[in-house]
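Structure, as structure tokens:
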Amino acid sequence: MSHVILPYGDTTGDGAVQLSFTLPVPIGGKAREAARQLCLQMNLENPQVAAMRDLGGGYTFFVIYARATRGVDLDAIHVPEVTAPKWSMQEVDRIVAERLGRPIRVVGACTGSDAHTVGLDAILNMKGFHGDYGLERYQGFRVWNLGSQVPNETLVAKAREVDADAILVSQVVTQKNVHLTNLTGLVDLLEAEGMRDRVLLIAGGPRITHELAVELGFDAGFGPGTVPSQVAAFIVQRLTERA
């Protein structure tokens, strides 16, 4: 049995969608028609150019309204996700004290050219995110937040210095898939240093999924909307299983 769904606009299943993109053509009637025909090539029905703007240099930006003609079967979709218990900060601290008897050491950074620390800070900093306190506030964690544009070598050196239990890497800059290069480079470096089996390796960012992270050699991947308690529970669960 299938459960096919379409986008929702005014009524359920009407297939209404809005999309935007840029074409390397000067603004004008030909540009408008090029955008419309491109949408038809995407199997979108009745595409309408709601807005277009000259970006200069022969480029035009478009906003399009259209109708999707094909749906997706929800029952055929299977997404690998991180499995972790839903523990509060107090529960995490109690389990760490009872099962490990020492604080968990975590080192985090935005690596390579990435200067966007919002996601990393949301997980590590005391304030946290969405009413969920960051790992710095937990009694059961010791945190070293190295900030932005950190070379993989510096991150690994710090992890070795503090004998880290877990390394957290945030990747927001993804142009030309540079995040994949940074992430695989970190795994390779840890393996070369003989440290990969000694640390939990966790990635996060807008284009990070658990499936991708595992494929690249990480233990887990967390995407947008992740709160600190999810990461904390995953780390504690994995470490107590090893203890």
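Just a few scattered comments:
- For the chain, the relative contact order works out to 18 percent when only alpha carbon pairs closer than 8 Å and six or more residues apart are counted.
- Acute angle (nearest 10 degrees) that the helix 29-41 long axis makes with the longest principal axis of the chain, alpha-carbon atoms: 60 degrees
- Oblate is the label for the stretch 1-150. Its Cα gyration tensor axes, ordered a ≥ b ≥ c, give a/c of at least 1.5 and b/c at or above a/b.
- Between the residues VAL96, LEU38, THR12, the greatest Cα displacement towards the positive end of the dipole of the stretch 1-156, with unit charges on the Cβ of Lys, Arg, Asp and Glu, is found for VAL96.
- Spatially proximal lysines relative to LYS127 (Cα-Cα < 30 Å; intrachain offsets below 8 disregarded): LYS86, LYS158
- Over the stretch 96-237, relative contact order from alpha-carbon pairs under 8 Å, at least 6 apart, %: 26 percent
- On the chain, 50 percent of the accessible area sits on carbon and sulfur atoms, based on a 1.4 Å probe.
- Remark: the stretch 212-221, residue by residue, has Karplus-estimated 3J(HN,Hα) of 5, 4, 5, 4, 7, x, 8, 7, 7, x Hz, where x stands for each Gly or Pro and the curve is 6.51 cos²θ - 1.76 cosθ + 1.60 at θ = phi - 60°.
- Label sites at ARG102 and VAL118, each approximated as a point 7 angstrom past Cα along Cα to Cβ, lie 3.7 nm apart.
- Per residue, the accessible area of the stretch 120-243 comes to 46 Å² when a 1.4 Å probe rolls over the protein heavy atoms.
- Residues whose amide H comes within less than 5 Å of that of ARG105, counting only those at least five positions distant or on another chain, are ARG142, ASP165, ALA166 (H built at 1.01 Å from N in the peptide plane).
- Computed lengthening from SER88 to THR22, 0.36 nm per intervening residue step minus Cα-Cα distance: 19.3 nm
- Of the GluC sites (Glu not before Pro) found in the stretch 1-102, not one falls in a DSSP loop while having at most 10 other beta-carbon atoms within 10 Å.
- Farthest towards the positive end of the charge dipole of the stretch 109-243, among the residues ALA233, HIS130, VAL156, is the Cα of HIS130, using unit charges on the Cβ of Lys, Arg, Asp and Glu.
- Using just its DSSP H runs of length 4 or more, each adding -39500 (n - 2.57), the chain gives a mean residue ellipticity at 222 nm of -9500 deg cm²/dmol after division by all residues.
- Accessible surface of ILE123 - all protein chains present, 1.4 Å probe, nearest 10 Å²: 20 Å²
- Computed lengthening from ASP10 to ASN43, 0.36 nm per intervening residue step minus Cα-Cα distance: 9.9 nm
- Inter-label distance, nm, simple model (7 Å from Cα along the C-beta direction), VAL187/GLN237: 2.1 nm
- Spatial separation of Cα centroids for the stretch 52-67 and the stretch 171-198, in angstrom: 36 Å
- Charged neighbours of ARG32, selected by a Cβ distance under 15 Å, balance to +1 (K, R count +1; D, E count -1).
- With K and R counted +1 and D and E -1, the other residues having a Cβ less than 9 Å from that of GLY15 yield a net charge of 0.
- Over all other residues within a Cβ to Cβ distance under 10 Å of SER88, the charged ones net out to -1, with Lys and Arg as +1 and Asp and Glu as -1.
The values are calculated or read from the model by the stated rules, or taken from the named source; none is laboratory data. These figures come from a predicted structure and were not determined experimentally. Cβ coordinates were reconstructed from backbone atoms using ideal geometry, including for glycine residues, and neighbour counts include every protein chain displayed. Each accessible area value is taken on the protein alone, full model and side chains, heavy atoms only, with ligands, DNA and RNA left out. Shrake-Rupley method; radii C 1.70, N 1.55, O 1.52, S 1.80 Å.
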